[in-house]
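Enquirer: Starting off with a structure, shown below.
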């Protein structure tokens, strides 16, 4: 069976794999922990990252959220999600909380994007420039939150003409099964493929078979 992707045109974006979300002392960890356990999110992310790195022609991009003390105190219009983060001083720039989780961290060959403050990684970082420099047309997106940054970025990528892959098992959002089902419906609308880690890695393997 032919792969759904083109050799040399695939990239992986990993969203907010930081201590705030993935370490037990992170302020957001407890909101995601039940879904991490149910979906095997952390193990699947490890498998995804290791599997993609076997393909030297597939660049890996890391994004992270970070806010300064000035952000917390000076934003004029604060949305619900930002109010939640600001009230708890989450994702504080320059702290352990915004460092990448040691088991999911980038390697020197990966691309670490400048931190973003909005939900959409494409809109608020140099991701698109980095994608174009590397000829990426097929963008796979994993991480958290699936109903916020992942979905926002997937939607923009689709609208800008990229082929978007979202994941069923390398992702999470607070809210349990009902939220997960709604998240999958939403991602299906803005993605060209919604798949599991094993199937995605199998498609990459087909490119080099």
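The values are calculated or read from the model by the stated rules, or taken from the named source; none is laboratory data. Here the structure is a predicted model, which means the values were calculated and not measured. Because the Cβ atoms are built from the backbone with ideal geometry, glycine has one as well, and the counts that use them run over all protein chains shown.
Enquirer: May I ask you to list pairs of residues, at least six apart or on different chains, whose Cβ atoms are under 7 Å apart, with the first in the stretch 121-136 being on the phi > 0 side of the Ramachandran plot and the second being surrounded by fewer than 20 Cβ atoms within 10 Å (Cβ to Cβ)?
Expert: Every condition considered, the pairs that remain are 135/8; 135/9.
Enquirer: Find the residue count for the stretch 157-175, including only residues that are in a helix (DSSP H, G or I) and either at pLDDT below 95 or buried (at least 20 other Cβ atoms within 10 Å of the Cβ) (or both).
Expert: 1
Enquirer: Just name the residue that is surrounded by the most Cβ atoms within 10 Å (Cβ to Cβ) out of those in the stretch 1-26 that are at pLDDT 95 or above and either on the phi > 0 side of the Ramachandran plot or part of a loop (DSSP other than H, G, I, E, B) (or both).
Expert: It comes out as 16.
Enquirer: Then there's this: Might you check whether a residue that is touching a helix residue (DSSP H, G or I) at 6+ places or on another chain (Cβ under 7 Å) and within 17 Å of residue 112 (Cβ to Cβ) occurs anywhere in the stretch 3-12?
Expert: yes
Enquirer: Within the bounds of the stretch 126-135, is there any residue that is buried (at least 18 other Cβ atoms within 10 Å of the Cβ) and in a loop (DSSP other than H, G, I, E, B)?
Expert: no
Enquirer: Okay, moving on. On the basis of being surrounded by 20 or more Cβ atoms within 10 Å (Cβ to Cβ), at pLDDT below 95 and not in a loop (DSSP other than H, G, I, E, B), does residue 122 make the cut?
Expert: The answer is yes for residue 122.
Enquirer: It is to be established whether one or more residues within the stretch 50-64 are closer than 19 Å to residue 115 by Cβ, under 16 Å from the mean Cα position of the chain (by Cα), assigned to a loop (DSSP other than H, G, I, E, B) and without any contact (Cβ under 8 Å) to a residue 60 or more places away in the chain.
Expert: For the stretch 50-64, residues closer than 19 Å to residue 115 by Cβ, under 16 Å from the mean Cα position of the chain (by Cα), assigned to a loop (DSSP other than H, G, I, E, B) and without any contact (Cβ under 8 Å) to a residue 60 or more places away in the chain: present.
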